[in-house]
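What follows is one structure encoded as structure tokens, with my remarks underneath.
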Amino acid sequence: MRRAFPAMRPSRKGFAHDLPDGYGPDAPERPGRSLRISYPRWLRRHAAASCVLLALLVWGATAWGQVTVQTPQDAAEPARPIPLEAAPDDRLETRIRQTFSHIEAFRGIQVDVTDGVVRLSGAAERASAAQKAEELASRFEGVAHVVNDVEAQAELERRLAPALRRLGGLWDSLLASLPILGVALAVLLAFAVLSRLLLRWDWLWERMGVGLLLRNILRNLTATLVIIAGVLLALQLLDLTALVGAVIGAAGLFGLALGFAFRDVAENYLSGMLLGLRSPFGIGDYVAVGDLEGSVLRLTSRELILITLDGNHVRIPNAEVFKSTIINYMRNPLRRFGIEVGVGTSEDLRRVQELGCAALAAMKGVMEDPPPVMFVESLGEYNVIVRFHGWVDQRRYDFLKVRSEAKRILKAALDEEGVVMPMPMRDILVRRPKQAEAETTTPPPTKPAARPSGKPPVKDEARKADVGREEHIDKQIRDELAASSEENLLQGQKEVGKKHSR
């Protein structure tokens, strides 16, 4: 049976609502209308624990249902709850407009706020400016949503206006900094002039006895250091010292790239410097580099220039010269020549030695000390190979002429004394009847014809031999050095006269 309760009235005792009359803890028992519900004892004993467990289960299920996977964007920008009491639209609109008015890229954007929804319209210089305006508007408190209707401008004039304004600002800054810029340029110019003077100043290096190559290296290094000091001081005046690190780093990378690109050029340059420091040859020296021979004309930072006996110019890269075997025939002015002679097997070798050495000793251009000598090289099938040696002072006589005249004089002396120099021959034995063998005889070796009457003796010819030095190669070297202003890293003299060119 349902019973209608009277209207509840406020209680004076602090309860939220009072029960109707006749109900409550002090109401008397009414027989026939009381309802008692009995609970099991174990339920009453664990009622509190059961309620707590039930609450934990409900809370855990609720939390599990609310767990969602957060994207990186959600983790970075958590969703903000929309407040129940929205901020006044006019105040929010005014605040956003004031903020946009201080940003040059947002000045063409119009703002309209309705119930927390911000609508952006108008035009912006770039699409990125419209996107940034939307992001900025969404950060204001009280903004529920942002509608971006901003259009990017495509007019050339409006696009160029900001760039022109920036150029105008740069021009004004340049005009304001003209005095300090002039001082920095003056300092840089002064250091450049100083480096130029150091490049032309040879007095100090000559007093120190520095060679030509090392002198050039030190002058260039000193001038470079002076230029670097001037640049650093100018940057310090312009308050651009932070730029130095970037410039040095860029220069390092640029130098590394150039090193890989011009590896051969760098290798030739370093080889030229090492050759100049070691000085394996000088101007006018007759040298052999690998299979090439010639007189040294010039050593540059890239190549070695030789003049051959035919008058041709040979350019050899410094790297190849540095790696090759170099023979300098002029470093020691005394040079030995050798002449091979084949004499008959029946000749007295001691007599041949006396005749040949005496003829060479009497010859002009062959040194007396050390004297000419003869060595027996080998015993052949039809002759004996001997070698005569003599020494030539290349400072006074031409080596090629002396060797050529020595061959002629030696042959004439041996022919005059009847020394046989047989031609290549081979004995062939043929079986014949005895009568034919008796008739066949082997002709004896022919003696050289006697010297015609009226011909001067060999010793007189040896004394009058033309073995003077040839000057045509030396003259070509002098003319080439005088006519050319190309660099020369050799520490030699420019007038070649005291050195022989072969």
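Of the residues contained in the stretch 292-304, none is found to be exposed (fewer than 15 other Cβ atoms within 10 Å of the Cβ) and modelled with pLDDT of 85 or more. Can you confirm whether the stretch 325-343 contains a residue that is in a helix (DSSP H, G or I) and at pLDDT below 95? Taking every residue of the stretch 325-343 in turn, none turns out to be in a helix (DSSP H, G or I) and at pLDDT below 95.
Restricting the stretch 371-419 to residues that are of a type in the set (Val, Ile, Thr) and part of a strand (DSSP E or B), the residue that is surrounded by the most Cβ atoms within 10 Å (Cβ to Cβ) is Val392.
Which of the residues belonging to the stretch 248-273 are among the aliphatic types (A, V, I, L, M) and surrounded by fewer than 13 Cβ atoms within 10 Å (Cβ to Cβ)? Walk me through how you get there before you give the answer.
At the first step, the residues of the stretch 248-273 found to be among the aliphatic types (A, V, I, L, M) are 248, 250-251, 253, 256-258, 261, 265-266, 270, 273.
The answer is Ile248, Ala250, Ala251, Leu253, Leu256, Ala257, Leu258, Ala261.
Just wondering, is there one or more residues in the stretch 111-118 that are within 52 Å of the chain's Cα centre (by Cα), surrounded by 17 or more Cβ atoms within 10 Å (Cβ to Cβ) and either at pLDDT 85 or above or in the same structural domain as Thr99 (by TED's automatic domain parsing) (or both)? So far as the stretch 111-118 goes, no, none of its residues is within 52 Å of the chain's Cα centre (by Cα), surrounded by 17 or more Cβ atoms within 10 Å (Cβ to Cβ) and either at pLDDT 85 or above or in the same structural domain as Thr99 (by TED's automatic domain parsing) (or both).
Specify which of the listed residues (Gly182, Gly169) is among the small types (Gly, Ala, Ser), closer than 30 Å to Val231 by Cα and either at pLDDT 85 or above or in contact with a Pro (Cβ under 8 Å, 6 or more places away or on another chain) (or both).
On the way: Gly169 fails: either at pLDDT 85 or above or in contact with a Pro (Cβ under 8 Å, 6 or more places away or on another chain) (or both).
On inspection, the qualifying residue turns out to be Gly182.
Here is a yes/no grid of residues against (1) surrounded by 12 or more Cβ atoms within 10 Å (Cβ to Cβ); (2) within 30 Å of Leu218 (Cα to Cα); (3) touching a residue at least 12 places away in the same chain (Cβ under 8 Å); (4) not assigned by TED's automatic domain parsing to the domain that holds Leu237:
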residue	(1), (2), (3), (4)
Ser121	yes, no, yes, yes
Glu125	yes, no, yes, yes
Ala137	yes, no, yes, yes
Ala144	yes, no, yes, yes
Ala152	yes, no, yes, yes
Ser173	no, no, no, yes
Leu194	yes, yes, yes, no
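For the stretch 257-313, name all the residues that are under 18 Å from Ile326 (Cα atoms), touching a Leu at 6+ places or on another chain (Cβ under 9 Å) and in a helix (DSSP H, G or I). Correct list: Gly272, Met273, Leu275, Gly276, Leu277.
Has the stretch 219-234 got at least one residue that is touching a residue at least 40 places away in the same chain (Cβ under 8 Å) and within 29 Å of Ile283 (Cβ to Cβ)? Steps first, answer last, please.
Within the stretch 219-234, the subset touching a residue at least 40 places away in the same chain (Cβ under 8 Å) is 230-231, 233-234.
Then keep just the ones that are within 29 Å of Ile283 (Cβ to Cβ); that gives none.
The answer is no; no qualifying residue exists.
Ser279 falls short on exactly one of the conditions (1) within 30 Å of Leu400 (Cβ to Cβ); (2) surrounded by 13 or more Cβ atoms within 10 Å (Cβ to Cβ); (3) touching a strand residue (DSSP E or B) at 6+ places or on another chain (Cβ under 7 Å), and that condition is (3).
The values are calculated or read from the model by the stated rules, or taken from the named source; none is laboratory data. Everything numeric in this text was worked out from a predicted model, so none of it was measured. Heads up, the Cβs are rebuilt from the backbone with ideal geometry, glycines too, and the neighbour counts pull from every protein chain shown.
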